[in-house]
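Novice: Let me give you the structure first, and then I'll get to my questions.
The values are calculated or read from the model by the stated rules, or taken from the named source; none is laboratory data. All figures in this text were calculated on a predicted structure; none of them were measured in a lab. We place every Cβ from the backbone using ideal geometry, glycine too, and count neighbours over all the protein chains shown.
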Amino acid sequence: MTSAVADATRQGAGAGIIAGGFIEENSVGALGKAAVARKLPLLALNTDFQDHALLAYQPYHARPSIRLAELLDKVLRGGNPSVIAFEQPESVKLVANRRIARAIGLEFPGEILLRATHVIES
C-alpha cells in the first residue's frame, strides 16, 4: 500500500478513494497510514473505513436485502429492468475525521461538520 500511495502522489494525485469492494479490510489501515504520511486525503465510500479516511460517505437503506430481493423478483418474473423505479437512499451517513484532518494539515469548513452524522475528534 505504501508504494501505491507513493506512486499516486508522485503522479500528481491530490486525493484518493477507498471503495469497499476493492480492498481487503486488513489493508485499509496500511493505506490510511501511508496516505497520512504523504498528506493525501482519502474519501471512503463505506463508513466501515471511517477511521482511515478524511471523510467517509455511505447511503443508507433500511432494508437493503429485502429491497434487493423485491427488485430481483420483478426482473425474474419478466419485468423490464429499465422501467423499474430508481430509489434514492433514505438518508446518507457522512463521517468527518478531524484526527486525520489535523494530521494532514487540513481543517473542515463548518458546513461539513454541521452536515456530518458523526465527527471523529481523536
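Novice: Any idea which of (1) at pLDDT 95 or above; (2) closer than 30 Å to Ser3 by Cβ; (3) out of contact with any helix residue (DSSP H, G or I) (no Cβ under 8 Å at 6 or more places or on another chain); (4) crowded, with 16+ Cβ neighbours inside 10 Å is the one Gly105 doesn't satisfy?
Specialist: Here Gly105 clears every test but (4).
Novice: Taking only region 62-105 into account, find how many residues are among the β-branched types (Val, Ile, Thr) and without any contact (Cβ under 8 Å) to a residue 24 or more places away in the chain.
Specialist: The initial filter retains those residues of region 62-105 that are among the β-branched types (Val, Ile, Thr), namely 66, 75, 83-84, 92, 95, 100, 104.
If we keep only those that are without any contact (Cβ under 8 Å) to a residue 24 or more places away in the chain too, we end up with 66, 75, 83-84.
Within region 62-105, residues that are among the β-branched types (Val, Ile, Thr) and without any contact (Cβ under 8 Å) to a residue 24 or more places away in the chain number 4.
Novice: Now, a different point. Which is under 23 Å from Ala101 (Cβ atoms), modelled with pLDDT under 90, in a helix (DSSP H, G or I) and not polar (S, T, N, Q), of Val28, Val36?
Specialist: Every option except Val28 fails the conditions.
Novice: To continue, here is another question. Consider Ala19 carefully, then state whether it is surrounded by 11 or more Cβ atoms within 10 Å (Cβ to Cβ), out of contact with any helix residue (DSSP H, G or I) (no Cβ under 7 Å at 6 or more places or on another chain) and small (Gly, Ala, Ser).
Specialist: Yes: the conditions hold for Ala19.
Novice: Okay, moving on. For Val36, are the conditions met, namely being among the aliphatic types (A, V, I, L, M), out of contact with any strand residue (DSSP E or B) (no Cβ under 7 Å at 6 or more places or on another chain), under 26 Å from Arg115 (Cα atoms) and crowded, with 17+ Cβ neighbours inside 10 Å?
Specialist: yes
Novice: With respect to His118, determine if the residue is closer than 29 Å to Ser27 by Cα and either touching a residue at least 40 places away in the same chain (Cβ under 8 Å) or in contact with a Phe, Trp or Tyr (Cβ under 7 Å, 6 or more places away or on another chain) (or both).
Specialist: Judged against the criteria, His118 is a match.
Novice: OK, next. Is there any pair with a first residue in region 1-26 that is small (Gly, Ala, Ser) and a second that is surrounded by 10 or more Cβ atoms within 10 Å (Cβ to Cβ) and modelled with pLDDT under 90 whose Cβ atoms are under 6 Å apart and which are 6 or more apart or on different chains, and what are they?
Specialist: Hits for this filter: Gly20/Asn46.
Novice: What residue, among those in region 85-108 that are under 30 Å from Glu70 (Cα atoms) and assigned to a loop (DSSP other than H, G, I, E, B), is nearest to the chain's Cα centre (by Cα)?
Specialist: Only one residue fits best here, namely Pro89.
Novice: Another question, then. Output the residue which, of all residues in region 53-86 that are loosely packed, with under 10 Cβ neighbours inside 10 Å and not aliphatic (A, V, I, L, M), is modelled with the lowest pLDDT.
Specialist: Per the stated criteria, the residue is Phe86.
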